[in-house]
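Chemist: First the structure, then my questions, so here it is.
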Amino acid sequence: MSAECGVRSAERREPRAASRATRAANRKIEGARAAAPVRAASKVKSLAGVVRAVRRAQAAGGRIVFTNGCFDLLHRGHIRYREQARALGDALVVAINGDDSVRALKGPRRPIVPADQRAEVLAALAAVDLVVIFEELDPARVIRSVRPDVLVKGGDWPIHRIVGADFVLSGGGSVRSLPYVDGASTSSLIARIEAQAAKRR
């Protein structure tokens, strides 16, 4: 065999080898997910714990997706966003605003549900792999620590307004704004509950 043929043969083998390594990494991640059932509370971690888990997954070839929000009363829009976000990678990290942060953003009557309970409810979703609570008004510090491969928000957030978009894009990641789910919002849900309660008085 000529040297040129040998080089070409090696070039053909290298992509196949890389593909096999990627498939093996994906099987490892999926195998871990398919193991014994995971208690929801065990998915709620400190930022340091989330970062360690993310680095292990990325070292194995996993693609990490990140999203954030208050998630005060879970509704259909939240579920659809989480499922769509998870489909963009191998693991989904959800960061939720702490109680003081929600009050500062939404007003003194919020949150309805405390942060630790919101975190555990989100963690119970099959689409969610890790949950972390943050106290700042925005998740910029968390995003810089986690360094996700994909950053996602709901469609009511245009990409240029998504916190952390520039950081993720500068590292070679991608940013997605998912389609808005009409009629699904925590504020409208609270308004309906209050209206029904007023009728009973």
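Chemist: Select from the range 113-147 the residues that are of a type outside the set (A, V, I, L, M), surrounded by 15 or more Cβ atoms within 10 Å (Cβ to Cβ) and closer than 23 Å to A59 by Cα and write down the one among them that is nearest to the chain's Cα centre (by Cα).
Modeler: D129
Chemist: Among the numbered conditions (1) assigned to a helix (DSSP H, G or I); (2) at pLDDT below 95; (3) crowded, with 17+ Cβ neighbours inside 10 Å, tell me where H160 comes up short.
Modeler: (3)
Chemist: Is one or more of the residues making up the range 93-104 under 14 Å from the mean Cα position of the chain (by Cα), buried (at least 21 other Cβ atoms within 10 Å of the Cβ), assigned to a helix (DSSP H, G or I) and of a type in the set (A, V, I, L, M, F, W, C)?
Modeler: Checking the range 93-104: not a single residue is under 14 Å from the mean Cα position of the chain (by Cα), buried (at least 21 other Cβ atoms within 10 Å of the Cβ), assigned to a helix (DSSP H, G or I) and of a type in the set (A, V, I, L, M, F, W, C).
Chemist: Next question. Which residue pairs have Cβ atoms closer than 6 Å, lie 6 or more positions apart in sequence or on different chains, and pair a first residue in the range 38-60 that is touching a residue at least 12 places away in the same chain (Cβ under 8 Å) and farther than 17 Å from V142 by Cα with a second residue that is of a type in the set (D, E) and in a helix (DSSP H, G or I)?
Modeler: Qualifying pairs under 6 Å: A40/E120; A41/E120.
Chemist: So which residues in the range 123-142 are assigned to a helix (DSSP H, G or I) and in contact with a Leu (Cβ under 7 Å, 6 or more places away or on another chain)?
Modeler: We begin by selecting, within the range 123-142, every residue assigned to a helix (DSSP H, G or I); these are 123, 140-142.
Correct list: V142 only.
Chemist: Looking at V150, V121, V102, V113, which one is in contact (Cβ under 8 Å) with a residue 24 or more places away in the chain and within 24 Å of G171 (Cβ to Cβ)? Lay out the reasoning, then the answer.
Modeler: Values: V121 fails: within 24 Å of G171 (Cβ to Cβ); V102 fails: within 24 Å of G171 (Cβ to Cβ); V113 fails: within 24 Å of G171 (Cβ to Cβ).
When all the criteria are applied, what remains is V150.
Chemist: To continue, here is another question. Looking at S185, is it at pLDDT 95 or above and of a type in the set (S, T, Y)? Before the answer, list the steps.
Modeler: Numbers: at pLDDT 95 or above: no; of a type in the set (S, T, Y): yes.
No; evaluated as a whole, the condition is false for this residue.
Chemist: Can you give me the number of residues within the range 43-81 that are over 12 Å from the mean Cα position of the chain (by Cα) and in a loop (DSSP other than H, G, I, E, B)?
Modeler: Of the residues in the range 43-81, 11 are over 12 Å from the mean Cα position of the chain (by Cα) and in a loop (DSSP other than H, G, I, E, B).
Chemist: For the range 70-92, give me each residue that is out of contact with any Pro (no Cβ under 6 Å at 6 or more places or on another chain), over 18 Å from S177 (Cβ atoms) and crowded, with 18+ Cβ neighbours inside 10 Å.
Modeler: Selection gives L73, D90, A91.
The values are calculated or read from the model by the stated rules, or taken from the named source; none is laboratory data. Computed from a prediction, not measured in an experiment: that's the story for all the values here. Note: ideal-geometry Cβ built from the backbone for every residue, glycine included; neighbour counts use all protein chains shown.
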